[in-house]
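K.L.:
Okay, handing you the structure first.
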């Protein structure tokens, strides 16, 4: 999969008749998957390329940084996920303050026409672009007619009673409702990072943990979660505590500690992926280490029953 950046990279010569999905694609949820399936079908019909155009940084970081949401994915995670989804090319527009002042016509002319020479563009029904977000689907379709490319939209995707959106998924994750977020995503929410050395308290009480340092912005709130950890391509069941470890009372920094069930190997320095399956309970302070050990044992038993049902 080719990845190019605007404005520094030229359009690759092999990008014939790009059929483009235009948006932010944070989280790559069920709605995003629908639009990707549509451009893949369109590219097949035209003999062209399926391409996703996205922005870096996320435009709200530039136009209203005080209200910019935490992102579900890093840029690298998003590009990797798009590749797994079968997209043939990714075009990343480096979003700047100057670009935020472009009128819709300027963006279409510079990026879609002169840079990518698109044949077809698909957007979500609520996609807005250009100065003060004055560009919408109707504006884009008129500009497409002017410049000679087709414009279509995907209507909102619903899952049960809810419209699927990155905003709703972020809200669910911020509330610890990771299983509900997974239903809208179409996959478990996951963070990635490196296992770093902790104070080995988990090992001392019989439950060694892998402490994760991550660049992901959105981490579920403090609590205990049933999780699935991926190490060197192997998915293993785990129980993860996010919080300040109040029973020990000596660490105010928030930590992400995963106890990998049935595994005792040294993971320091390893890159891992941690997917959140279900929230088990709130983090709380226990009167002594024995009470904490009993609760962790109960957490592991509960997670084991859950994973037996899910075949993790």
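The values are calculated or read from the model by the stated rules, or taken from the named source; none is laboratory data. Please read these numbers as outputs of a predicted model, since none were measured by experiment. Cβ sites come from the backbone with ideal geometry, for glycine too, and all protein chains shown count toward neighbours.
K.L.:
Evaluate the following for residue 227: is it touching a residue at least 12 places away in the same chain (Cβ under 8 Å) and in the same structural domain as residue 295 (by TED's automatic domain parsing)? Spell out the reasoning first.
P.N.:
Numbers: touching a residue at least 12 places away in the same chain (Cβ under 8 Å): yes; in the same structural domain as residue 295 (by TED's automatic domain parsing): yes.
For residue 227, the condition - touching a residue at least 12 places away in the same chain (Cβ under 8 Å) and in the same structural domain as residue 295 (by TED's automatic domain parsing) - is met.
K.L.:
Checking residue 232 against (1) within 30 Å of residue 294 (Cα to Cα); (2) over 14 Å from the mean Cα position of the chain (by Cα); (3) surrounded by fewer than 19 Cβ atoms within 10 Å (Cβ to Cβ), which single condition isn't satisfied?
P.N.:
So the condition that residue 232 fails would be (1).
K.L.:
Taking the range 114-145, which residues are surrounded by fewer than 19 Cβ atoms within 10 Å (Cβ to Cβ) and over 19 Å from residue 19 (Cβ atoms)?
P.N.:
Matches in the range 114-145: 126, 128, 131, 132, 133, 134, 136, 138, 139, 142.
K.L.:
Something else now. For the range 208-259, what are the residues that are in a loop (DSSP other than H, G, I, E, B), modelled with pLDDT under 95 and touching a helix residue (DSSP H, G or I) at 6+ places or on another chain (Cβ under 8 Å)?
P.N.:
208, 209, 245, 247, 248
K.L.:
What single numbered condition from (1) in contact with a strand residue (DSSP E or B) (Cβ under 7 Å, 6 or more places away or on another chain); (2) in contact (Cβ under 8 Å) with a residue 60 or more places away in the chain fails to hold for residue 183?
P.N.:
Going through (1) in contact with a strand residue (DSSP E or B) (Cβ under 7 Å, 6 or more places away or on another chain); (2) in contact (Cβ under 8 Å) with a residue 60 or more places away in the chain one by one, residue 183 breaks only (2).
K.L.:
Another one. Tell me yes or no: at least one residue of the range 52-62 is more than 19 Å from residue 167 (Cβ to Cβ) and in a loop (DSSP other than H, G, I, E, B).
P.N.:
no
K.L.:
Can residue 275 be described as in contact (Cβ under 8 Å) with a residue 60 or more places away in the chain and either under 25 Å from the mean Cα position of the chain (by Cα) or surrounded by 12 or more Cβ atoms within 10 Å (Cβ to Cβ) (or both)? Step through it out loud before you land on a result.
P.N.:
On the way: in contact (Cβ under 8 Å) with a residue 60 or more places away in the chain: yes; either under 25 Å from the mean Cα position of the chain (by Cα) or surrounded by 12 or more Cβ atoms within 10 Å (Cβ to Cβ) (or both): yes.
For residue 275, the condition - in contact (Cβ under 8 Å) with a residue 60 or more places away in the chain and either under 25 Å from the mean Cα position of the chain (by Cα) or surrounded by 12 or more Cβ atoms within 10 Å (Cβ to Cβ) (or both) - is met.
K.L.:
Same structure again: Within the range 23-48, can you find the residues that are part of a loop (DSSP other than H, G, I, E, B) and over 26 Å from the mean Cα position of the chain (by Cα)?
P.N.:
Within the range 23-48, the first condition is being part of a loop (DSSP other than H, G, I, E, B), and the residues that meet it are 23-29, 47-48.
Within the range 23-48, 47, 48 meet the criteria.
K.L.:
Next up: Please work out which one of (1) buried (at least 22 other Cβ atoms within 10 Å of the Cβ); (2) in a loop (DSSP other than H, G, I, E, B); (3) without any contact (Cβ under 8 Å) to a residue 24 or more places away in the chain is the condition residue 9 fails and give its number.
P.N.:
Failed condition: (1).
K.L.:
Here are some residues: 129, 162, 137. Which one is within 27 Å of residue 73 (Cβ to Cβ), touching a strand residue (DSSP E or B) at 6+ places or on another chain (Cβ under 7 Å) and without any contact (Cβ under 8 Å) to a residue 24 or more places away in the chain?
P.N.:
Numbers: 129 fails: without any contact (Cβ under 8 Å) to a residue 24 or more places away in the chain; 162 fails: touching a strand residue (DSSP E or B) at 6+ places or on another chain (Cβ under 7 Å).
Unique residue meeting the criteria: 137.
K.L.:
Taking the range 12-36, which residues are out of contact with any helix residue (DSSP H, G or I) (no Cβ under 9 Å at 6 or more places or on another chain), surrounded by 15 or more Cβ atoms within 10 Å (Cβ to Cβ) and either free of Cβ contacts under 8 Å to residues at least 24 places away in the same chain or farther than 17 Å from residue 73 by Cβ (or both)?
P.N.:
15, 34
K.L.:
Against the conditions (1) under 22 Å from residue 35 (Cα atoms); (2) buried (at least 19 other Cβ atoms within 10 Å of the Cβ), where does residue 99 fall short? Just the number, please.
P.N.:
(1)
K.L.:
Out of 20, 82, I need the residue that is assigned by TED's automatic domain parsing to the domain that holds residue 153, more than 16 Å from the chain's Cα centre (by Cα), at pLDDT 95 or above and outside any loop (DSSP other than H, G, I, E, B). Which one?
P.N.:
Numbers: 82 fails: more than 16 Å from the chain's Cα centre (by Cα).
On inspection, the qualifying residue turns out to be 20.
Residue by residue, here is whether (1) on the phi > 0 side of the Ramachandran plot; (2) out of contact with any helix residue (DSSP H, G or I) (no Cβ under 6 Å at 6 or more places or on another chain); (3) free of Cβ contacts under 8 Å to residues at least 60 places away in the same chain holds:
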position	(1), (2), (3)
38	no, yes, no
66	no, yes, yes
70	no, yes, no
79	no, yes, no
85	no, no, yes
90	no, no, no
118	no, no, no
